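First the structure, in the form of structure tokens, and then the observations on it.
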Amino acid sequence: MRISRSHQEWRALLPPERYHILFEEGTEPAGSSPLDREKRAGTFLCAACNLPLFESKAKYDSGTGWPSFFQPIPGRVETKRDFRLILPRTEYHCARCGGHQGHVFDDGPPPTGKRYCNNGLALIFVPEAEPLPALKE
């Protein structure tokens, strides 16, 4: 299930802004993603490999300007500690390709109390009525 590519390979496959977020752990400006306002039923996939990461029923408006979810699909994201801003944070990424998605915080709504704060450019939204695309190899 896991895939591994070099940074050079990912850079050739992705638009520069997606590559920067997914594989250089960048962050898009708050309020810049239309996915923050997406309200339709559907699935949010990793923009690098198409692995489904979140269902729309777990999405909520956190008021932060980034798409936010209270839980991922089980087994689809992995976490690690991030000390870039001095204070430790928990970064999460796609369990299949390792693409950086965002950070998880303990200030979300019930039932989990978690806020998975995601970069919109790290995701692709597929409405419920449409078939999910094949996983990228």
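The values are calculated or read from the model by the stated rules, or taken from the named source; none is laboratory data. Remember, predicted model here, so these are calculated numbers, not experimental data. Here Cβ is always computed from backbone atoms with ideal geometry, including for glycine, and neighbour counts include all displayed protein chains. All accessible areas refer to the heavy atoms of the entire protein, side chains included, with ligands and DNA or RNA removed. Shrake-Rupley method; radii C 1.70, N 1.55, O 1.52, S 1.80 Å.
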- Hey, residue 62 hits all of (1) touching a residue at least 12 places away in the same chain (Cβ under 8 Å); (2) open to solvent by 30 Å² or more (accessible area, probe 1.4 Å); (3) more than 16 Å from the chain's Cα centre (by Cα) but one; which does it fall short on? (3)
- Task: Answer with yes or no whether residue 108 is on the phi > 0 side of the Ramachandran plot, among the small types (Gly, Ala, Ser) and more than 11 Å from the chain's Cα centre (by Cα).
- Result: no
- Task: Output the qualifying pairs, or none if there are none: Cβ atoms under 6 angstrom, residues six or more apart or on different chains, first residue in the range 95-110 and closer than 14 Å to residue 64 by Cβ, second residue part of a loop (DSSP other than H, G, I, E, B) and polar (S, T, N, Q).
- Result: 102/119
- Task: Take the range 111-137 and flag every residue that is within 12 Å of the chain's Cα centre (by Cα), open to solvent by less than 20 Å² (accessible area, probe 1.4 Å) and within 24 Å of residue 2 (Cβ to Cβ).
- Result: 118, 119, 122, 123
- Would you kindly identify the strands (runs of 3 or more DSSP E) lying entirely within the range 49-137 that contain at least 1 residues that are over 25 Å from residue 15 (Cα atoms)? 77-82, 89-94, 100-105, 115-118
- Task: Enumerate the pairs (first residue in the range 22-50 and within 27 Å of residue 131 (Cβ to Cβ) and in contact (Cβ under 8 Å) with a residue 40 or more places away in the chain; second residue anywhere and of a type in the set (S, T, N, Q) and surrounded by fewer than 20 Cβ atoms within 10 Å (Cβ to Cβ)) with beta-carbon separation below 9 Å, excluding pairs fewer than 6 apart on the same chain, so at least 6 apart or on different chains.
- Result: 36/62; 36/64; 38/56; 40/56; 41/56; 42/56; 43/56; 44/56
- Message: Quick check on the range 6-19. Is at least one of its residues more than 19 Å from residue 95 (Cα to Cα) and aromatic (Phe, Trp, Tyr)?
- Response: no
- All-but-one check, residue 21 against (1) outside any loop (DSSP other than H, G, I, E, B); (2) open to solvent by 50 Å² or more (accessible area, probe 1.4 Å), failing number (2)
